[in-house]
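Q: A single structure is presented below for examination.
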Amino acid sequence: MCYRTKLNARIQDIEKTFNAQFIEPEVFSPMEEINAFDFRKTPVIIDENQGEIEMFHWGLIPFWAKDDTIKKMTLNAKIETASEKPAYRNSVENRCLILANGYYEWQWLDPKGKQKQKFQITPKDQEIFAFAGIYSNWRNPENNELIYSYSIMTTEANEIMSKIHNNKKRMPVVLRKEDRNNWLSGMEISKFAFPYEVQLEAQEVY
């Protein structure tokens, strides 16, 4: 799974990496650790506006939701079943890049996870990278506000992540640089499931 990410890069470096411009640069705050359960806005690039970096809420709210409570359950979407699940199936063709320069995972050191070791994970060949994501637009019936939200796709863990995320053995889909446009243009979702992977590095965090 993926519930903690990192994006503390400078705006100009993010824009250069993705050849896109922030629409609201004043809304972006570099963060060493982003907690999914804060449901905050983070930078994304969507399929319809690939030259723009927008700020969407983490935690996908499908258009049909009566309220936003579902977002607690939609921080991640399993790539193998997203097309079938009611929360995601209307959004699997709404593709986005979720921008980051790291994410965190905890290795269980005992069978019940009472002791854990934190790791920071980064791809070897990308300082700033993108998770594969899907997004949705939802209008709050209470105040008519339009909310844009996303979910990070996850897949079966590769070798390094199986050792770190040793309780669930899942990992977020980190896109290869050359596949960002393929994801946004709607390439078959199954092509991004494991064994699709990038080379990852893990560093212990104390």
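The values are calculated or read from the model by the stated rules, or taken from the named source; none is laboratory data. Computed from a prediction, not measured in an experiment: that's the story for all the values here. Neighbour counts run over all protein chains shown; Cβ positions are idealised from the backbone, glycine included.
Q: Checking the structure you have, find out if any residue of segment 188-199 is out of contact with any Phe, Trp or Tyr (no Cβ under 7 Å at 6 or more places or on another chain), β-branched (Val, Ile, Thr) and over 21 Å from Arg4 (Cα atoms).
A: So far as segment 188-199 goes, yes, one or more of its residues are out of contact with any Phe, Trp or Tyr (no Cβ under 7 Å at 6 or more places or on another chain), β-branched (Val, Ile, Thr) and over 21 Å from Arg4 (Cα atoms).
Q: Out of segment 61-96, which residues are under 23 Å from His165 (Cα atoms) and not in a helix (DSSP H, G or I)?
A: Thr74, Leu75, Asn76, Ala77, Lys78, Ile79, Glu80, Thr81, Ala82
Q: Of everything in segment 143-176 that's in contact (Cβ under 8 Å) with a residue 40 or more places away in the chain, of a type in the set (Ser, Thr, Tyr) and closer than 15 Å to Glu197 by Cα, which residue is surrounded by the fewest Cβ atoms within 10 Å (Cβ to Cβ)?
A: Thr155
Q: Okay, next question. Just the residues that are exposed (fewer than 15 other Cβ atoms within 10 Å of the Cβ) and hydrophobic (A, V, I, L, M, F, W, C), please, taken from segment 12-33.
A: Across segment 12-33, the qualifying residues are Ile23, Val27, Met31.
Q: Let me ask you something else. Is it the case that some residue within segment 105-115 is surrounded by 13 or more Cβ atoms within 10 Å (Cβ to Cβ) and under 14 Å from the mean Cα position of the chain (by Cα)?
A: The answer is yes; a qualifying residue exists.
Q: Let me ask something else. Hey, does segment 118-128 have a residue that's modelled with pLDDT of 95 or more, in a strand (DSSP E or B), of a type in the set (Phe, Trp, Tyr) and touching a strand residue (DSSP E or B) at 6+ places or on another chain (Cβ under 8 Å)?
A: Checking segment 118-128: at least one residue is modelled with pLDDT of 95 or more, in a strand (DSSP E or B), of a type in the set (Phe, Trp, Tyr) and touching a strand residue (DSSP E or B) at 6+ places or on another chain (Cβ under 8 Å).
Q: When the residues of segment 46-86 are narrowed to those that are in contact with a helix residue (DSSP H, G or I) (Cβ under 6 Å, 6 or more places away or on another chain) and under 13 Å from Ser149 (Cβ atoms), which ends up surrounded by the fewest Cβ atoms within 10 Å (Cβ to Cβ)?
A: Among those residues, the one meeting the criterion is Met55.
Q: Here is a follow-up. Looking at segment 34-45, can you tell me whether even one residue there is surrounded by 14 or more Cβ atoms within 10 Å (Cβ to Cβ) and more than 13 Å from the chain's Cα centre (by Cα)?
A: No, that holds for no residue.
Yes/no matrix, rows are residues, columns are (1) in a strand (DSSP E or B); (2) out of contact with any strand residue (DSSP E or B) (no Cβ under 7 Å at 6 or more places or on another chain); (3) hydrophobic (A, V, I, L, M, F, W, C); (4) closer than 19 Å to Leu75 by Cα:
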site	(1), (2), (3), (4)
Ser162	no, yes, no, no
Asn166	no, no, no, no
Glu178	no, yes, no, no
Asn182	no, yes, no, no
Lys191	no, yes, no, no
Glu201	yes, no, no, no
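Q: Looking at (1) under 23 Å from Pro123 (Cβ atoms); (2) in a loop (DSSP other than H, G, I, E, B), which is the one condition that is false for Asp13?
A: Only one criterion is unmet by Asp13, namely (2).
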